[in-house]
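Colleague: Can you read through this structure? Questions will come right after.
The values are calculated or read from the model by the stated rules, or taken from the named source; none is laboratory data. In this text the structure is predicted, and so the values were computed from the model without any measurement. Note that we place each Cβ from the backbone using ideal geometry, even for glycine, and neighbour counts take in every protein chain shown.
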Amino acid sequence: MHKDFELLPHTADLKIRVYGTTLEQLFRHALIGMFQSIGPRSKNCKKKGERLYCPQLPQQHDITLQAHDLTSLLVSFLSEALALSDIHNEAYLDVVIHELDQNHIRATLQGVPIEGFEVVEIKAVTYHDLNIKKVDGAWQTDIVFDI
Amino acid sequence: MEKEKQIRLENLIKISDVLWEIPQEFRQDMRVPARVFANQHILEDVFEDRSLWQLVNVATLPGIQKFAFAMPDIHQGYGFPIGGVAATAIDEGGVISPGGIGYDINCGVRLLRVSMTADELKPYLADLATEIFHAIPSGVGRGGKLKLNQEDLAKVLRDGAHRMVELGYGTQGDLEYCEETGRMTNADATLITTTAKKRGADQLGTLGSGNHFLEIQRVDEIFDEKSAQVYGLEKNMVTVMIHCGSRGLGHQTCTDHVNSMMPKMGQWGIQLPDRELVCAPFKSPEGQDYFNAMAAAANFAWANRHLIGQWVRDSWKKVIGDSVKITTLYDVSHNIGKRESHEINGKIKQVIMHRKGATRAFGPGRPEVPSHYQPVGQPVLIPGTMGTSSYVLAGTKESMEVGFGTSCHGAGRRMSRVQAKKTVRGSTLRQELEAQGIIIRSDSNSGLAEEAPIAYKDVEDVVSVVDKARLAKKVVRLKPLAVIKGG
């Protein structure tokens, strides 16, 4: 099985490394990594190890975003998910990506209502160390979140 | 662009036991030297992360004046290090950079004085801590009791803590003894996006999570009798410290403006070594928009701390009765940008002062300081880490010359949250703190572990550097009686 994301050490914030065989998978794993690493608590789901598993993801939001370049697009995508999470008290543990290119994404976020996050609250997605690149034929990037 | 490398002792010039300089020659794109306030012990930690390289990056900002400064609680951030200070001259193409202020706009500290001694409080402390824990939402996803419609929210964004007094919360005294009286007048509520407003609508009166907290404390030791007297602080007096910021509204505002400035850097001909230093000339429309939006978000944070202060009063009244007087000593911001005048090379210049994880420390006689405090300078409120001491300092006259009238903001992290959780067990920590007689009200042991004192620099060390460097002087030390925090 391909690795989707992992947690990295960082002095004051939260840092993950995200992998994807395609650009869509990279974006999807970034979203999953962001929410799973902060420990969402939802009574409709079960915790297995470090991750939350939900039989259904009934909360859906369609989003369409434009950005200057791919890096900004990833930041905007995750920032939008974060904002919706804060407004609706939900966590998005999957996404269906309908369209994706260097400057544009159209997708449907899929999530659950949550009672809170066990680990920490993310304040923002930063550009720090964000470098989307291909390593051994697969996509990879680090993402640092301000917490 | 030069490849990033670890900065070591041999790259620094020792100015004094508590002040070190990275000369401008260190890197070709530096416009000024960089200076860090630290002792040798603190420097050892600082060399372990990228904060000094980040400070060198700050020194490349257009219009930057004198030095890129770092306070002794410096640690790695994104763009600016935490504890970073930069003044850019408005009339010399000086820029404003959201990263130099932080995502949590106007994260800051409020300190309340209570007319009780720690001994008088003791029988009520546990019940009071429980009452406050329930009254003031903390932790993630906990909405506030006050839900604002769009019109009310716009007024709070425009008038900050002043609006809360109009609505019947808190006192005029709470305004007088607050940086900017709790309102920056350049705020423009229309510049706060709908998304940011939606996030903020039910977050007024909430602490948030992470390193935000509310602490009931006692005055443990007095170092400066005169200043303590002017501040109305006596030994064993009870105080309440509130540490929080602008919540989702502020975070979104910074995100929005970082995203909007990013693609425009080319048009201003600004080249930066780090994207997170993204900025705009202060005089540009984007620079003005960010400054005025930042002020609105800052006003939200002041309204927040003001409201929480009033709810502390309400909780006290409920548990103990209404004979107790609770007044605001002061409220300071440690993530903010200000228009200030400073003497630079013999001339008075208008600058944008960026303080990110750094606190203003204006001295005696400054007009920005409440008149009652002018003889001794403004209070500087330094929260310690959980279970350790906090401090009240006073700004000094020398501070303007030495460090743009700035002090540290806390202890500064030295260990990641991941590492802290591996090193410390939250439940053990809770027991240790309780064994010291400190009451904890928190619903997350994991959140506690990450905030363990071992994960931070020694606050005593940080404050002693600030004092020795004459950035601010020690007035009192506070010790915790109870800690209330979210996950």
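Conditions tested, residue by residue: (1) of a type in the set (A, V, I, L, M, F, W, C); (2) surrounded by fewer than 22 Cβ atoms within 10 Å (Cβ to Cβ); (3) within 17 Å of the chain's Cα centre (by Cα).
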position	(1), (2), (3)
B:R305	no, no, yes
B:E340	no, yes, no
B:R355	no, no, yes
B:S371	no, yes, no
B:P375	no, yes, no
B:A394	yes, no, yes
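Colleague: Next question, about the same structure. What tally of residues in segment B:273-299 results from selecting those that are within 16 Å of B:D331 (Cβ to Cβ) and either within 14 Å of chain A (Cβ to nearest Cβ) or not in a helix (DSSP H, G or I) (or both)?
Modeller: Count: 1.
Colleague: Could you please let me know if A:A107 is in contact with a helix residue (DSSP H, G or I) (Cβ under 6 Å, 6 or more places away or on another chain) and of a type in the set (G, A, S)?
Modeller: no
Colleague: So which residues in segment A:122-146 are within 12 Å of another protein chain (Cβ to nearest Cβ), aromatic (F, W, Y) and assigned to a strand (DSSP E or B)?
Modeller: The one that is within 12 Å of another protein chain (Cβ to nearest Cβ), aromatic (F, W, Y) and assigned to a strand (DSSP E or B): A:F145.
Colleague: Which of the residues belonging to segment B:131-147 are surrounded by 15 or more Cβ atoms within 10 Å (Cβ to Cβ) and either more than 14 Å from every other protein chain (Cβ to nearest Cβ) or closer than 17 Å to B:I326 by Cβ (or both)?
Modeller: Just the residues of segment B:131-147 that are surrounded by 15 or more Cβ atoms within 10 Å (Cβ to Cβ), to begin with: B:131-133, B:135-142, B:144, B:146.
Scanning segment B:131-147 gives B:E131, B:I132, B:F133, B:A135, B:I136, B:L146.
Colleague: Scan segment B:130-144 and give yes if some residue there is at pLDDT 95 or above and small (G, A, S), otherwise no.
Modeller: Checking segment B:130-144: not a single residue is at pLDDT 95 or above and small (G, A, S).
Residue-by-condition table, conditions (1) at pLDDT below 95; (2) away from every other protein chain (no Cβ under 14 Å):
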residue	(1), (2)
B:D49	yes, no
B:Q76	yes, no
B:G100	no, no
B:G108	no, yes
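Colleague: Return the residues of segment B:356-387 that are assigned to a strand (DSSP E or B) and in contact with a helix residue (DSSP H, G or I) (Cβ under 8 Å, 6 or more places away or on another chain); say none if nothing qualifies.
Modeller: Once the filter is applied, which keeps residues that are assigned to a strand (DSSP E or B) and in contact with a helix residue (DSSP H, G or I) (Cβ under 8 Å, 6 or more places away or on another chain), segment B:356-387 yields B:K356, B:R360, B:P379, B:I382.
Residues checked against (1) within 14 Å of chain A (Cβ to nearest Cβ); (2) among the charged types (D, E, K, R); (3) within 14 Å of B:H306 (Cβ to Cβ); (4) touching a Leu at 6+ places or on another chain (Cβ under 9 Å):
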| position | (1), (2), (3), (4) |
| --- | --- |
| B:R163 | no, yes, yes, yes |
| B:Y169 | no, no, yes, yes |
| B:G173 | no, no, yes, no |
| B:E180 | no, yes, yes, no |
| B:N186 | no, no, no, no |
| B:A189 | no, no, no, yes |
| B:T194 | yes, no, no, no |
| B:R218 | no, yes, no, yes |
| B:K226 | no, yes, no, no |
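Colleague: Which one is modelled with the lowest pLDDT, of the residues in segment A:89-118 that are surrounded by 16 or more Cβ atoms within 10 Å (Cβ to Cβ) and at the interface with another protein chain (Cβ under 9 Å from one of its Cβ atoms)?
Modeller: By that ranking, first place goes to A:E118.
Colleague: Can you tell me how many residues in segment B:152-182 are buried (at least 20 other Cβ atoms within 10 Å of the Cβ), under 19 Å from the mean Cα position of the chain (by Cα) and over 22 Å from B:S138 (Cβ atoms)?
Modeller: The number of residues fulfilling the criteria is 4.
Colleague: Oh, and also: Give me a count of the residues in segment B:248-272 that are within 9 Å of chain A (Cβ to nearest Cβ) and closer than 30 Å to B:L128 by Cβ.
Modeller: Total meeting the criteria: 2.
Colleague: Kindly provide the set of residues from segment B:53-74 that are closer than 19 Å to B:L9 by Cβ and within 13 Å of chain A (Cβ to nearest Cβ), ordered by number.
Modeller: Residues satisfying the conditions are B:W53, B:Q54, B:I74.
Colleague: Taking the condition on the phi > 0 side of the Ramachandran plot and among the β-branched types (V, I, T), does B:T181 pass?
Modeller: When the stated conditions are applied, B:T181 passes them.
Colleague: Condition (residue is touching a Lys or Arg at 6+ places or on another chain (Cβ under 8 Å), touching a residue at least 24 places away in the same chain (Cβ under 8 Å) and at negative phi) applied to segment B:415-435: is it met by at least one residue? Break it down into steps so the answer makes sense when it comes.
Modeller: So the first thing to find is which residues in segment B:415-435 are touching a Lys or Arg at 6+ places or on another chain (Cβ under 8 Å), and the list is none.
No, that holds for no residue.
Colleague: Across segment A:48-85, which residue is nearest to the other protein chains (Cβ to nearest Cβ) among those that are in a loop (DSSP other than H, G, I, E, B) and not small (G, A, S)? Break it down stepwise before answering.
Modeller: Taking segment A:48-85 and keeping what is in a loop (DSSP other than H, G, I, E, B), we get A:49-50, A:54-58, A:67-69.
Next, only the ones that are not small (G, A, S) stay: A:50, A:54-58, A:68-69.
Numbers: A:E50: 12, A:C54: 17, A:P55: 21, A:Q56: 20, A:L57: 18, A:P58: 18, A:H68: 4, A:D69: 8 Å.
Going through the qualifying residues, I end up with A:H68.
Colleague: Follow-up question, since we're still on this one. Sort out which residues of segment B:1-20 are among the acidic types (D, E) and surrounded by 13 or more Cβ atoms within 10 Å (Cβ to Cβ), and write them in order of number. Working first, answer last.
Modeller: If we filter segment B:1-20 for residues that are among the acidic types (D, E), which is where we start, we get B:2, B:4, B:10, B:17.
Of everything in segment B:1-20, just one residue is among the acidic types (D, E) and surrounded by 13 or more Cβ atoms within 10 Å (Cβ to Cβ), namely B:E4.
Colleague: In the list B:G321, B:G309, which residue meets the criterion of being over 30 Å from B:Q76 (Cβ atoms), in contact with a Ser or Thr (Cβ under 8 Å, 6 or more places away or on another chain) and more than 14 Å from every other protein chain (Cβ to nearest Cβ)?
Modeller: Exactly one of B:G321, B:G309 is over 30 Å from B:Q76 (Cβ atoms), in contact with a Ser or Thr (Cβ under 8 Å, 6 or more places away or on another chain) and more than 14 Å from every other protein chain (Cβ to nearest Cβ), namely B:G309.
Colleague: Among the numbered criteria (1) within 11 Å of another protein chain (Cβ to nearest Cβ); (2) surrounded by fewer than 24 Cβ atoms within 10 Å (Cβ to Cβ); (3) farther than 21 Å from B:L112 by Cβ, which one does B:H212 miss?
Modeller: Looking at each condition in turn, B:H212 falls short on (3).
Colleague: What number of residues in segment B:249-270 are under 18 Å from A:H128 (Cβ atoms) and either assigned to a loop (DSSP other than H, G, I, E, B) or aliphatic (A, V, I, L, M) (or both)?
Modeller: Within segment B:249-270, residues that are under 18 Å from A:H128 (Cβ atoms) and either assigned to a loop (DSSP other than H, G, I, E, B) or aliphatic (A, V, I, L, M) (or both) number 4.
Colleague: Yes or no: B:T206 within 14 Å of another protein chain (Cβ to nearest Cβ), surrounded by 24 or more Cβ atoms within 10 Å (Cβ to Cβ) and touching a Pro at 6+ places or on another chain (Cβ under 7 Å)?
Modeller: Considered against the rule, which asks whether it is within 14 Å of another protein chain (Cβ to nearest Cβ), surrounded by 24 or more Cβ atoms within 10 Å (Cβ to Cβ) and touching a Pro at 6+ places or on another chain (Cβ under 7 Å), B:T206 comes out as yes.
Colleague: Looking at segment B:6-20 only, could you name the residues that are over 12 Å from B:Q40 (Cα atoms) and outside any loop (DSSP other than H, G, I, E, B)?
Modeller: B:E10, B:N11, B:I13, B:I15
Colleague: Could you check how many residues of segment A:6-47 are assigned to a strand (DSSP E or B) and either away from every other protein chain (no Cβ under 14 Å) or of a type in the set (K, R) (or both)?
Modeller: Total meeting the criteria: 8.
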